[in-house]
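Visitor: Could you have a look at this structure, given as structure tokens, before my questions?
The numbers here are math on the coordinates, done by the rules we state, and not lab data. If you're wondering where the values come from, they're calculated on a predicted model, not measured in any experiment. Note that we place each Cβ from the backbone using ideal geometry, even for glycine, and neighbour counts take in every protein chain shown.
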Amino acid sequence: MYFQGFVIPVKTENKQAYLDMAKKSAPIFAEYGATGTVECWGDDVMDGKITDFKRAVRANDDETVVFSWVWWPDKATCDAAAGKIMADDRMKPDGPMPFDGQRLIYAGFEANFDTGDGGGFGYVDGMVASVPDGNRQGFVNHAAKTARLFQEKGALRLVDGWGTDVPAGKVTDFKRAVQAKDGETVIFGWIEWPDKPTRDAGMGALMQDPRMRETPPAWNGKLAIFGGFTPILNTGHA
């Protein structure tokens, strides 16, 4: 599986306008082969000492960070659809854009690790980080081990993507978001939970679980970015 990941700074007052735009765009993506679109509104987006989601897109105080992804059967289908979607007149906005497109960041990812559809979810933890190119299998092994612990605590699904098409942006991009160096690959992933109370309880229990510290993460944790998000649009799982 392949997916595109997005992080977007949206004027908080434009939440409904953004949702309306997403509802209009998702069926068009589906016509060109996308198998699912999910949009999540920032809820627990913490400030980091060096990096965080807000800095990733230079979000202002009056903006909320959106974390979203679009599933595709494979990269070839996504690439073939890109030009057609851009040329489709239905994609033209009905009014002013509800966000600053110059600060939006996006990239394409191979689904490096996926525990599989766990059912409907009501809360998401999003993550972006970087991994040394040669440590891909170590990253997968770590993801598999920690996923079992998260699922013990109530998580429904864990997905991690390996960046295969990570463009450089003029203002912002994924590599700058986590200060990825040459020889490092950007990863984008998320954890699906039934609801926020389950997530809060689960994360609290995990912080006390000694098994979480048995294997060090395969990424640069000091530069990774995390946040909690509430789904506002979900057209279905891949």
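Visitor: Over the chain, what per residue volume does the convex hull of the Cα atoms give, in whole Å³?
Guide: Measuring per residue, one finds 120 Å³ for the Cα hull of the chain.
Visitor: At a threshold of 8 angstrom on Cα-Cα distance, excluding pairs fewer than six apart, so keeping six or more, what relative contact order does the range 2-234 reach in percent? Could you put the intermediate results ahead of the total?
Guide: Details: 480 pairs, mean separation 73.8, N = 233.
32 percent.
Visitor: Taking the range 94-227 as the region of interest, what is the percent of Cα-Cα pairs per 5 angstrom bin, listed from the shortest bin to the one with the maximum distance?
Guide: Going from the shortest bin to the longest, the percentages are 2, 10, 18, 21, 19, 15, 10, 4, 2, 0, 0.
Visitor: Ok, one more. Which entries of Lys75/Lys175; Lys23/Lys92; Lys49/Lys222 show an alpha-carbon separation above 18 angstrom in the structure shown?
Guide: Correct reply: Lys75/Lys175.
Visitor: Now a separate question. Mind listing the long-range amide H neighbours of Thr164? Cut-off is under 5 Å, sequence gap 5 or more, other chains count too, H placed in the peptide plane at 1.01 Å from N.
Guide: Residues meeting the criterion, in which the H sits 1.01 Å from N, are Gly108, Phe109, Glu110.
Visitor: Measuring from label point to label point, each 7 Å out along Cα→Cβ, what is the Arg211 to Asn141 span in nm?
Guide: Computed distance between label sites Arg211 and Asn141 equals 1.8 nm.
Visitor: While we're on this one: Please turn the phi angles of the range 94-104 into ³J(HN,Hα) values with the Karplus equation 6.51 cos²θ - 1.76 cosθ + 1.60 (θ = phi - 60°), one per residue in order, whole Hz, x for glycine and proline.
Guide: These are the phi-based 3J(HN,Hα) values: 6, x, x, 5, x, 8, 8, x, 5, 9, 5 Hz.
Visitor: Using the Karplus equation 6.51 cos²θ - 1.76 cosθ + 1.60 (θ = phi - 60°), what ³J(HN,Hα) coupling, rounded to whole Hz, does each residue of the range 194-211 give in order, writing x for Gly and Pro?
Guide: x, 6, 5, x, 5, 5, 4, 5, x, 5, x, 5, 5, 5, 9, 8, x, 5
Visitor: Under 16 Å Cα to Cα from Lys11, which aspartates and glutamates show up? Leave out anything in the same chain fewer than 8 places away.
Guide: Asp20, Glu39, Asp43, Asp61, Asp62, Glu63, Asp100
Visitor: From the backbone phi of the range 111-124, what are the Karplus-calculated ³J(HN,Hα) couplings (6.51 cos²θ - 1.76 cosθ + 1.60, θ = phi - 60°) in whole Hz, Gly and Pro given as x?
Guide: Whole-Hz 3J(HN,Hα) from phi for the range 111-124: 6, 6, 8, 8, 6, x, 4, x, x, x, 10, x, 7, 9.
Visitor: Here is a further query. Dipole magnitude of the range 2-234 about its Cα centre, charges +1 at Lys/Arg Cβ and -1 at Asp/Glu Cβ only, in debye to the nearest 20?
Guide: 400
Visitor: Sticking with this structure for a sec: For Leu156, which sequence-distant residues (separation of 5 or more, or a different chain) have an amide H within less than 5 Å of its own amide H, given hydrogens modelled in the peptide plane?
Guide: Residues meeting the amide H criterion: Glu192, Trp193.
Visitor: Out of Gly120, Phe6, Thr235, whose Cα points farthest toward the positive end of the dipole of the chain (charges: +1 Lys, Arg; -1 Asp, Glu; placed on Cβ)?
Guide: The Cα lying farthest towards the positive end belongs to Phe6.
Visitor: Just flag the GluC sites (Glu not before Pro) in the range 136-238 sitting in loop per DSSP whose Cβ has no more than 14 other Cβ atoms within 10 Å.
Guide: Here the sparse-neighbourhood loop sites are Glu214.
Visitor: Between exposed trypsin sites (Lys or Arg not before Pro) in the chain, where DSSP calls loop and at most 12 other Cβ atoms lie within 10 Å, what's the longest gap?
Guide: Between the exposed loop sites, the longest stretch runs 50-169.
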